[in-house]
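Accompanying notes for the structure given below.
The values are calculated or read from the model by the stated rules, or taken from the named source; none is laboratory data. All of these numbers come straight from a predicted model, not from anything done at the bench. Cβ placement follows ideal geometry from the backbone for every residue including glycine, while neighbour counts extend to all protein chains displayed. The protein model used for the area step is the full one, side chains on, heavy atoms only, and it has no ligands, DNA or RNA in it. Shrake-Rupley method; radii C 1.70, N 1.55, O 1.52, S 1.80 Å.
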Amino acid sequence: MTNLSSVEPIGSLGKQPSPGAPEDWKRFFSFSTDHKVIGIQYIVTSFFFFLIGGIFAMIVRGELITPEADLVDRTVYNAMFTLHGTVMLFLWTFPVLAGLANYLVPLMIGARDMAFPRLNALAFWMVPVFGIVLMGSFLAPGGPAQAGWWSYPPVSLQNPTGALISGQFLWLLAVALSGVSSILGAVNIVTTIIRMRSPGMTFFRMPVFVWAVLSAQIIQLFGLPALTAGAIMLLFDLTLGTSFFDPAKGGDPILFQHFFWFYSHPAVYVIILPIFGIFSEIFPVYARKPLFGYKVVAISSLIIVGLSAIVWVHHMFASGTPGWMRMLFMFSTMLISVPTGIKVFAWVATIWGGKLRLTSAMLFGLGGLVMFVFAGITGIMLAAVPVDIHVNNTYFVVGHFHYVIYGATVMGIYAAFYHWFPKMTGRMYNEGLGKLHFALTFIGANLNFFPMHPLGLQGMPRRVASYDPEFAFWNVVASIGAFLLGMSTLPFILNMVGSWVQGEKAPANPWRAIGIEWLVSSPPSHENFEQLPVVIAEPYGYGKSEPLVSNPDALEVIHEPN
């Protein structure tokens, strides 16, 4: 049970300064402290960078549609795959999930805002700053970084131009700033969930999305400092002549790999745990059934957090890792499939026998689940040392990773966009365009990423601009899928922009969902609640007659919707 004595946010005495009338679009371009405005700022900004990262991917796949390197210079190709990975992770996936957490968590736990509203705004405004720094590397001598998104030394320490401000310098600066922003956000979100739940909102009355976000942000707190420190030390090696990782000066490049993967493998759980939370929110709504095994699903997120801290070395099986360490990390990596499998079984049991409504949100949720199961199977394969050594640095790894990051994560994010779009904007989206978007995305993603598995098993290495003609067939299929995937964003953009401007007005609860955020108007008012909700039941009470809160009629403030 929580403290909810203080209804006001920690660190903010009195009411938040109003960012303006609800209809005022200018608030999205201001230093607003409203968590809902910041959430949408995160989402829109990160989607802009998603499109940029997608253009980089189109160039890479355009180069790979023929065996010869005949589209762009090899240095440009190296920069494209480096920035594609960097932008998609640090400027799309992490920020968009931070945006969803910002918007939804306070509403779901019955709070009026985040614990530290100004810190929240500061964390967001660092995103466009490090985005500009990264894009500015195109103007640096020698162009952008070319060492891949993991920037292993000694490749990342090469500086043929001799310029202090090089593309690699700006890459490292951007990653360090991203780390600081994410740590600030994690402190805020964890504090909010622990200290600002409304009366009666015990831990086992929290929605699973909140459990998942809490778990993901705990990983940020213990893992991200390692990557940030590694990036700063590498920056010192590059600019100040230190020798932490430079083997020519006695440094240890393997040490950087430990810094990098200690965070960057758990980072996959930072990404996928909120997606698990989205699945857990959406499936009960559109199946009209309670979430199967709610408490076990919630606790399994924390088990994943614990195991995520002892699996990073499986990325280094081919880096001279001792045999005993390979066995230990193979076992720990496979162990993490247990809590993950529990979640999958719970979602299937939730859907099973339900009265399914195949809305756009549900279709994206189901598509994401199917692709995650495939990614999980190949993930277990990669955890096995013999398989991992065989396909190390091949397209098999790229295919597995993209099934997780695009197949499960982006599909889950789209599911969330459609599900909560009416709540965020006060407008309904076009269901036909949403289903067209799903069909193009699901087909495009599988055409794009499945061929990478046979390519990897045949031995095609990753990050090459030219290849043997025997790999041409699957590369052509993958490139066609990539272009289709690029086209799939057009109906989405048309739907979101058009519906936000001219869509049908949305009621408070268009999906008949059970959750505190659905008890207030769409969009919610500036302070969310006139009176804090008093929670009296567990979530997901579909098929039951018990109310979720004892004071539903007292929650709403006087508010004029759009």
Any chance VAL190 is over 20 Å from SER264 (Cβ atoms) and either β-branched (Val, Ile, Thr) or open to solvent by less than 10 Å² (accessible area, probe 1.4 Å) (or both) = yes
Index of the failed condition, VAL313 passing every other in (1) crowded, with 17+ Cβ neighbours inside 10 Å; (2) farther than 30 Å from VAL387 by Cα | (2)
Any residue at all in segment 168-179 that is farther than 30 Å from VAL285 by Cβ, without any contact (Cβ under 8 Å) to a residue 40 or more places away in the chain and over 24 Å from the mean Cα position of the chain (by Cα)?
-> no
Taking the options ALA231, ALA226, ALA248, name whichever one is small (Gly, Ala, Ser) and open to solvent by 40 Å² or more (accessible area, probe 1.4 Å).
-> ALA248
For segment 516-562, what are the residues that are small (Gly, Ala, Ser) and either at negative phi or at pLDDT 95 or above (or both)?
-> SER521, SER522, SER525, ALA537, GLY541, SER545, SER550, ALA554
Enumeration of residues in segment 516-536 that are in contact (Cβ under 8 Å) with a residue 40 or more places away in the chain and either in contact with a strand residue (DSSP E or B) (Cβ under 8 Å, 6 or more places away or on another chain) or of a type in the set (Phe, Trp, Tyr) (or both) | ILE516, TRP518, PHE529, PRO533, VAL534, VAL535, ILE536
Do we have any residue at all in segment 528-550 that's out of contact with any Pro (no Cβ under 9 Å at 6 or more places or on another chain) and open to solvent by less than 30 Å² (accessible area, probe 1.4 Å)?
-> yes
When only residues in segment 193-219 that are open to solvent by 10 Å² or more (accessible area, probe 1.4 Å) and under 30 Å from LEU234 (Cα atoms) count, which is farthest from the chain's Cα centre (by Cα)?
-> ILE218
Might you let me know whether segment 43-60 holds any residue that is closer than 25 Å to PRO160 by Cβ, polar (S, T, N, Q) and touching a Phe, Trp or Tyr at 6+ places or on another chain (Cβ under 6 Å)?
-> no
Just to be sure, is SER488 over 23 Å from the mean Cα position of the chain (by Cα), more than 22 Å from GLY376 (Cα to Cα) and hydroxyl-bearing (Ser, Thr, Tyr)?
-> no
Members of segment 431-476 that are acidic (Asp, Glu) and either under 18 Å from ARG61 (Cα atoms) or in contact with a strand residue (DSSP E or B) (Cβ under 6 Å, 6 or more places away or on another chain) (or both) = ASP468, GLU470
Picking from ALA186, ALA174, ALA212, which residue would you name as being touching a Leu at 6+ places or on another chain (Cβ under 8 Å), assigned to a helix (DSSP H, G or I) and closer than 29 Å to ARG74 by Cα?
-> ALA174
Answer residue from segment 352-392, given it is over 20 Å from PRO454 (Cβ atoms) and among the polar types (S, T, N, Q) and is least open to solvent (accessible area, probe 1.4 Å) among those | SER360
If we scan segment 520-537, do we find a residue that is in a helix (DSSP H, G or I) and under 28 Å from SER280 (Cα atoms)?
-> no
Say we look at segment 260-295 and pick out the residues that are more than 24 Å from MET411 (Cβ to Cβ) and open to solvent by 50 Å² or more (accessible area, probe 1.4 Å); which of these is modelled with the highest pLDDT?
-> LYS295
Would you mind stating whether TYR418 is of a type in the set (Phe, Trp, Tyr), touching a Gly at 6+ places or on another chain (Cβ under 7 Å) and in contact (Cβ under 8 Å) with a residue 40 or more places away in the chain?
-> yes
Which condition number does LEU134 fail, the rest of (1) in contact (Cβ under 8 Å) with a residue 60 or more places away in the chain; (2) over 27 Å from ASN528 (Cα atoms) being met?
-> (1)
Got at least one residue in segment 237-248 being over 24 Å from ALA186 (Cα atoms), of a type in the set (Gly, Ala, Ser) and part of a helix (DSSP H, G or I)?
-> yes
Applying the selection to segment 435-467, what residues are in contact with a Pro (Cβ under 7 Å, 6 or more places away or on another chain) and farther than 29 Å from THR359 by Cα?
-> SER466, TYR467
Do we find that GLY459 is surrounded by fewer than 16 Cβ atoms within 10 Å (Cβ to Cβ) and either in contact (Cβ under 8 Å) with a residue 60 or more places away in the chain or in contact with a Cys (Cβ under 6 Å, 6 or more places away or on another chain) (or both) in this structure?
-> yes
Determine whether VAL476 is over 21 Å from VAL210 (Cβ atoms), of a type in the set (A, V, I, L, M) and surrounded by fewer than 19 Cβ atoms within 10 Å (Cβ to Cβ).
-> yes
Give the residue that is nearest to the chain's Cα centre (by Cα), with candidates limited to residues of segment 329-351 that are more than 23 Å from PHE292 (Cβ to Cβ) and either buried (at least 19 other Cβ atoms within 10 Å of the Cβ) or touching a residue at least 12 places away in the same chain (Cβ under 8 Å) (or both).
-> THR333
Would you point out which residue out of VAL44, VAL127 is within 15 Å of the chain's Cα centre (by Cα), under 19 Å from PHE169 (Cα atoms) and of a type in the set (A, V, I, L, M)?
-> VAL127
For segment 141-156, name all the residues that are surrounded by 22 or more Cβ atoms within 10 Å (Cβ to Cβ) and either outside any strand (DSSP E or B) or in contact with a strand residue (DSSP E or B) (Cβ under 7 Å, 6 or more places away or on another chain) (or both).
-> ALA145, GLN146, SER151, PRO153, SER156
With criteria (1) more than 16 Å from the chain's Cα centre (by Cα); (2) surrounded by fewer than 24 Cβ atoms within 10 Å (Cβ to Cβ); (3) under 24 Å from TRP149 (Cα atoms), PHE116 comes up short on (3)
